[in-house]
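Before any comments, here is the structure.
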Amino acid sequence: MILLANILIAIAHVLDAIMSLIFILVIARVIISWVNADPSNMLVRVIISSTDPLLLAVRNKLPLNAGGLDFSPIVVLLGIYVVRVVIAQSLHEYALQLKSSVMQVMPLAF
């Protein structure tokens, strides 16, 4: 059971790291759109190509057209926050609870 708890903790940390990376990429994408960066720059192309699928999927689902304002990054950032709090943090807390319940049952061996 301790092994399962450690695996769940590792999964929660990896999920949190992935969500943090996506969060940073979306913020970078928003800044790139504001400053009109050079599209031939390799870093700009990587950021745009890595965030386009997610942002385009959200744009296609949003019924709101606010005169040129793009709300898809806000929706994506809120979704990332929800995944981090609801899934990753809950998974981590469940694993810690599982680990503590196993430790209470196991006798200490000296």
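Since every read-out is calculated from the coordinates, none of them should be taken as a lab result. The shown structure was predicted, so the numbers you read here are calculated from the model rather than taken from an experiment. Positions of Cβ are generated from backbone atoms using ideal geometry, with glycine treated the same way; all protein chains shown enter the neighbour counts.
About its Cα centre, the dipole of the chain is roughly 100 debye, where the only charges are +1 on Lys and Arg Cβ and -1 on Asp and Glu Cβ.
Model label points for ALA37 and LEU62, set 7 angstrom from Cα along the Cα-to-Cβ axis, are 2.0 nm apart.
Here the chain is described by how far its Cα atoms reach on the three principal axes: 67, 33, 17 Å, from widest to narrowest. The value of relative contact order for the stretch 2-104, using C-alpha pairs under 8 Å at least six residues apart, is 51 percent.
Quote to one decimal, in nm, the extra length available between SER20 and LEU3 on full extension: 0.36 nm per residue of separation minus the C-alpha distance between them.
Values: separation 17, 0.36 × 17 = 6.12 nm, distance 2.56 nm.
Length difference between fully extended and current span is 3.6 nm.
Relative to the longest principal axis of the Cα atoms of the chain, the long axis of helix 89-105 makes an angle of roughly 10 degrees. If I fit a long axis through the Cα atoms of helix 2-35 and take the longest principal axis of the Cα atoms of the chain, what angle between them do I get, 0 to 90°, rounded to 10? Once rounded, one gets 10 degrees.
Working from Cα positions, state the angle (0 to 90°, nearest 10) between the long axis of helix 72-82 and the longest principal axis of the chain. Here the helix axis deviates by roughly 10 degrees.
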